[in-house]
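A.B. asks: Can you read through this structure? Questions will come right after.
The values are calculated or read from the model by the stated rules, or taken from the named source; none is laboratory data. This structure is a prediction, so every number in the text was calculated from the model and none was measured. Neighbour counts are summed over all protein chains in view; Cβ atoms, including those assigned to glycine, are modelled from backbone coordinates with ideal geometry. All accessible areas refer to the heavy atoms of the entire protein, side chains included, with ligands and DNA or RNA removed. Shrake-Rupley method; radii C 1.70, N 1.55, O 1.52, S 1.80 Å.
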Amino acid sequence: MSNKRKTVFILLLLIAAIGLGVVVYTLTSSYLNKKQYVDLKEQVWTSETTTEATTVVATSTNEPTDTIPEETKEPYVSPIDFDTLHDTNSDIFAWLDIPDTDISYPVLQRADDFEYYLRRGLDEQYSNDGSLFIEPIHNIDMSSYNTIIYGHNLRSLGMFGTLKYYRDLTYLEEHREIKVYTPTGEYTYYVFAAVTYNDRLITALFDFDQAEGRQAFLDSLDDINDMNSYILDDVEVTSEDKLLTLSTCNSDKSQRFLVVAVLTDVKE
């Protein structure tokens, strides 16, 4: 073999070794990151359910539950130990949990930087997996009309890597309940849409402070014509309801995949 061919061969081996190293590092990092969250959940999840005596808010499509007399109410106690979470990172304001799925993570908000946690973990150090986060304009008490939670669509299936399963109608129908826990309340949402959407910033496209803007967003979901997108009509959703949107990247960089749910119950 000539010296030139040897040089090319060695270069190719080096490139292959570097590529393999990157893949191994990425997979190992993602595995350790997922394990970190599993361990964290075991540490901070203090109980499976919250107290029964709570305030209940129902949407127009659900029968209202009788409100418990004020004098008999017990103070809400979150099943999540937020004091421990805040020792880790004070930007954690909620815990997102989709029962019977792998999606169960803390949610963060950086008040002065929308994309701060795009490539940062809970320790605020660089992480390819990033964290789940919301925009600074959203209220951390879940009172915004449409709270949008962002997360990466990871090959390791961490973060929102399994959100893509909602492209299957059967999976969607079997995983419609979403829970959001905060230090002061428990919020139950019911999924009514799983759609491929454009990648433009939703809060810039629609004025959610106005009824017309809220309705325009709902109409934009109905207008989607895609074989892997679903709008379920068994739940009535209006511009007066509160929404939760889970948003992740798509294989097409000009698109996002959204799972949208309506608030059906509040305990606080």
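A.B. asks: How about region 159-243: which trypsin sites (Lys or Arg not before Pro) there lie in a loop by DSSP and see at most 15 other Cβ atoms within 10 Å? Working shown, then result.
C.D. replies: Values: sites: LYS164, ARG167, ARG176, LYS179, ARG200, ARG214, LYS242; in loops: ARG176, ARG200, LYS242.
Here the sparse-neighbourhood loop sites are ARG200.
A.B. asks: Using the Karplus curve 6.51 cos²θ - 1.76 cosθ + 1.60 with θ = phi - 60°, what ³J(HN,Hα) values do you get for each residue of region 111-116, in whole Hz, with x for Gly and Pro?
C.D. replies: Computed from phi, the couplings for region 111-116 are 4, 10, 8, 4, 9, 4 Hz.
A.B. asks: Which aspartates and glutamates does LYS73 reach when only Cα atoms under 12 Å apart count, and residues fewer than 8 places away in its own chain are ignored?
C.D. replies: LYS73 reaches GLU52, GLU268.
A.B. asks: When Lys and Arg each count +1 and Asp and Glu each count -1, what net charge do the other residues less than 10 Å away from ASN146, Cβ to Cβ, add up to?
C.D. replies: Numbers: positive: ARG214, LYS242; negative: ASP241.
Every neighbour counted, the sum reads +1.
A.B. asks: While we're on this one: Could you look at region 97-157 and say what percent of its accessible area is carbon and sulfur, using a 1.4 Å probe and all protein chains? Don't jump to the answer; show the numbers that get you there.
C.D. replies: Working: 1160 of 2690 Å².
Accessible surface attributable to carbon and sulfur in region 97-157 totals 43 percent.
A.B. asks: Once amide H atoms are placed 1.01 Å from N in the peptide plane, what residues at a sequence separation of 5 or more from ASN146, or on another chain, have their amide H within under 5 Å of its amide H?
C.D. replies: Long-range HN contacts for ASN146: LEU243.
A.B. asks: Show the residues, 5+ positions off or on another chain, whose built amide H is closer than 5 Å to the amide H of ASP265.
C.D. replies: THR188
A.B. asks: Going by amide H atoms built from the backbone, whose H comes under 5 Å of the H on PHE192, apart from near neighbours?
C.D. replies: Correct list: VAL260, ALA261, VAL262.
A.B. asks: Could you provide, to the nearest whole Å², the per residue accessible area of region 183-258 with probe 1.4 Å? Display every interim value, and only then the final one.
C.D. replies: Working: 3830 Å² over 76 residues.
Value for region 183-258: 50 Å² per residue.
A.B. asks: Determine which aspartates and glutamates satisfy two conditions relative to LYS164: a Cα distance under 17 Å, and not lying fewer than 8 residues away in the same chain.
C.D. replies: ASP97, ASP100, ASP102, ASP129, GLU173, GLU174, GLU177, ASP199, ASP226, ASP252
A.B. asks: Kindly write out, for region 187-199 in residue order, the coupling ³J(HN,Hα) from the Karplus curve 6.51 cos²θ - 1.76 cosθ + 1.60 (θ = phi - 60°), rounded to whole Hz, with x marking Gly and Pro.
C.D. replies: So the J values, rounded to whole Hz, are 10, 10, 10, 10, 5, 10, 8, 9, 9, 8, 10, 6, 8.
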